[in-house]
Amino acid sequence: MKTKNKSLFSKLCKCYSKKDIPRRCENTDTDNENEADFVENLVHPNPTTEIRDACKDLVLSDDQLQLVMQRLTDEINRGLSRETHDDAIVKCFTTYVQDLPNGTEKGNFLALDLGGTNFRVLLITLDRQNFDMKSKIYAIPQSLMLGTGTQLFDHIAQCLALFVKDLNMQHEVLPLGFTFSFPLSQHGLTKGNLVRWTKGFNCSGVIGEDVVALLEDAINRRNDVKIDVCGILNDTTGTLMSCAWKNRNCRIGLIVGTGSNACYVEKTKNVQCAIPGNYAEHKPYMLINTEWGAFGENDTLDFIITEFDRAIDENSINPSKQLFEKMISGMYMGELARLVLEKLVNAGLLFGGKFPSDLRKRGKFFTKYVSEIENDPKGRYTNCREILAELGLRNVSDQDCENVRYVCSLVSRRAAHLSSAGIAALLNKMGEDNVTVGIDGSVYRFHPHFHDLMTAKISELQSYKFDLMLSEDGSGRGAALVAAVASQKR
Ligand code: BGC
């Protein structure tokens, strides 16, 4: 099995060079330490026995993970089959993308990327294996995430128009790829109806509607730029396309970020749920957007769902939905850790029963804290102490810090193991060696051990050779590639 060739330790230090994560890995004196031991020790903190016991439901055995794989495979098959697709939980939506990039894609493409906390507009220039990108990020305030669909699409069209005018390209008809990272029931490459909102979005009047038409209407209302929407796609599809452009073995796209989902290359003959006439039956493959975040909605994951998961779900804006996603993704990881810590303090097992004032408050333990705390070198608790001080508690013992680190590692490790079970199920389903998995998302990118945890667990759960590859700007470049492949065919 291949892994990233990077030194693990240098990866641990480098992964915090991003602007939005200020706390750094400060220890450099481990160069002589055996690297495997170093990582092993970081990954396995030493909590007290009582704490280990109180948290045991968060530890998943390989048998449990194998059962997750088996159930997910069943759900995927239900999604693909025409008879069961409508009632299936893991929908396996047809993307109508049947061609992977071949490296000859050329031209200027606009891309929109909506799906997390930010919205991006990009201009991407493809010239065979060269690629240039200009982009601008716009925040999506909560008022827009929960407002009307018209407000949301007017905002998107406004940002797009400003961007195009800034580049003085408003008189050209520009092909556009729209990465829209929510479940879409697609009827073709440029038609996709929103099935549900996820990740904290809940704009009225959009569910059931064709999102491409909503975007075009908003652009037409302004009437100041010319756009030709060539394709709508999910971020997993974008990630897969973007990685496939560099690496022809890429056959799976995975996101572990604010949300979680995977897409993969399926044999066209197995995609019974595709609408006849809307795709090329003679082409051997079709990209499938699994929407695995919904897995578990029919009780299939009850055997591993904990009291903490139930609390997360009950307090979410989409109760009883997206249960697999809620156990994995960044939108929930910090809050999951907070709920565990809260229980331990209440039981008198942590901080001598004394609460950091903010630890009682929902949402105050950010997901990035999990990564930061786990990034402290073994035996040092600099980040951990800084974070606990931010939450209102100073002078904590080393053992308390070790316990906090343990809780963080349990939550992130479980997320990595569940994602691994999902990928292992897809690898078994595809039945091929040397599949590269293109991965994007803040959790995978910033968590110091996620890559290594996944590599190890996927190898334990299945026996095909695979490779995990960090996707560089999957959503943007992937959208341009889908638009390029589509516009070449027109
Ligand atoms: C959405 C998916 C998306 C994933 C990652 C989920 O909430 O349903 O469409 O791919 O988040 O962004």
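Figures for the structure shown
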{"quantity": "Top-ranked residue of the range 120-137 - restricted to ones that are among the charged types (D, E, K, R) and open to solvent by 60 Å² or more (accessible area, probe 1.4 Å), ranked as nearest to the ligand (Cβ to nearest atom)", "calculated": "K136"}
{"quantity": "Per-region count, the range 164-174, residues out of contact with any Asp or Glu (no Cβ under 8 Å at 6 or more places or on another chain) and either open to solvent by less than 10 Å² (accessible area, probe 1.4 Å) or within 16 Å of the ligand (Cβ to nearest atom) (or both)", "calculated": "1"}
{"quantity": "Which numbered condition L160 fails, given (1) touching a helix residue (DSSP H, G or I) at 6+ places or on another chain (Cβ under 6 Å); (2) of a type outside the set (F, W, Y); (3) outside any loop (DSSP other than H, G, I, E, B)", "calculated": "(1)"}
{"quantity": "Residue satisfying all of: in the range 215-235; surrounded by 20 or more Cβ atoms within 10 Å (Cβ to Cβ) and more than 16 Å from the ligand (Cβ to nearest atom); farthest from T150 (Cα to Cα) among these", "calculated": "C230"}
{"quantity": "Which listed residue is within 19 Å of R78 (Cβ to Cβ), crowded, with 18+ Cβ neighbours inside 10 Å and among the aromatic types (F, W, Y), from F308, F295", "calculated": "F295"}
{"quantity": "Options G177, G238, G200: the member that is away from the ligand (no atom under 13 Å from the Cβ) and open to solvent by less than 20 Å² (accessible area, probe 1.4 Å)", "calculated": "G177"}
{"quantity": "The range 456-490, residues that are over 16 Å from C250 (Cβ atoms) and modelled with pLDDT of 95 or more", "calculated": "A456, K457, S459, E460, L461, Q462, S463"}
{"quantity": "Residue that is surrounded by the most Cβ atoms within 10 Å (Cβ to Cβ) [pool: residues in the range 371-387 that are in a helix (DSSP H, G or I) and within 27 Å of the chain's Cα centre (by Cα)]", "calculated": "I373"}
{"quantity": "Every residue from the range 250-264 that is part of a strand (DSSP E or B) and within 16 Å of the ligand (Cβ to nearest atom)", "calculated": "I252, G253, L254, I255, V256, S260, N261, A262, C263, Y264"}
{"quantity": "Residues located in the range 425-463, provided they are of a type in the set (A, V, I, L, M, F, W, C), under 18 Å from G330 (Cβ atoms) and part of a helix (DSSP H, G or I)", "calculated": "V443, F446, F450, L453, M454"}
{"quantity": "Close pairs from the range 294-315: first free of Cβ contacts under 8 Å to residues at least 24 places away in the same chain, partner among the aliphatic types (A, V, I, L, M), Cβ under 8 Å, at least 6 apart", "calculated": "I305/L323; I305/M327; D313/L323"}
{"quantity": "Output for the range 289-347, where each listed residue is β-branched (V, I, T) and either assigned to a helix (DSSP H, G or I) or near the ligand (Cβ under 10 Å from one of its atoms) (or both)", "calculated": "T290, I312, I328, V340, V345"}
{"quantity": "Hits in the range 138-159 (condition: under 23 Å from G259 (Cβ atoms), surrounded by 12 or more Cβ atoms within 10 Å (Cβ to Cβ) and out of contact with any Ser or Thr (no Cβ under 7 Å at 6 or more places or on another chain))", "calculated": "Y138, L144, M145, L146, G147, Q151, L152, F153, H155, I156, C159"}
{"quantity": "Residues (touching a residue at least 12 places away in the same chain (Cβ under 8 Å) and open to solvent by 50 Å² or more (accessible area, probe 1.4 Å)) located in the range 59-69", "calculated": "V59, D62, Q64, Q66, L67"}
{"quantity": "Top-ranked residue of the range 267-288 - restricted to ones that are more than 19 Å from the chain's Cα centre (by Cα) and not in a loop (DSSP other than H, G, I, E, B), ranked as nearest to the ligand (Cβ to nearest atom)", "calculated": "M286"}
{"quantity": "Enumeration of residues in the range 317-331 that are within 17 Å of F366 (Cα to Cα) and open to solvent by 20 Å² or more (accessible area, probe 1.4 Å)", "calculated": "M331"}
{"quantity": "Condition check for D37: assigned to a strand (DSSP E or B), acidic (D, E), open to solvent by 40 Å² or more (accessible area, probe 1.4 Å) and at pLDDT below 95", "calculated": "no"}
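Residue-by-condition table, conditions (1) open to solvent by 50 Å² or more (accessible area, probe 1.4 Å); (2) without any contact (Cβ under 8 Å) to a residue 40 or more places away in the chain; (3) more than 14 Å from the ligand (Cβ to nearest atom):
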residue: S81; (1), (2), (3): no, no, yes
residue: H85; (1), (2), (3): no, no, yes
residue: C92; (1), (2), (3): no, no, no
residue: T95; (1), (2), (3): no, no, no
residue: D99; (1), (2), (3): no, no, yes
residue: E105; (1), (2), (3): no, no, yes
residue: L112; (1), (2), (3): no, no, yes
residue: G115; (1), (2), (3): no, no, no
residue: N118; (1), (2), (3): yes, yes, no
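The values are calculated or read from the model by the stated rules, or taken from the named source; none is laboratory data. Bear in mind that the values here come from a model prediction, so they are computed numbers and not experimental data. Don't worry about glycine lacking a Cβ; one is built from the backbone with ideal geometry, like all the others, and counts go over all protein chains shown. Areas reflect the complete protein model, heavy atoms only, side chains present, ligands, DNA and RNA absent. Shrake-Rupley method; radii C 1.70, N 1.55, O 1.52, S 1.80 Å.
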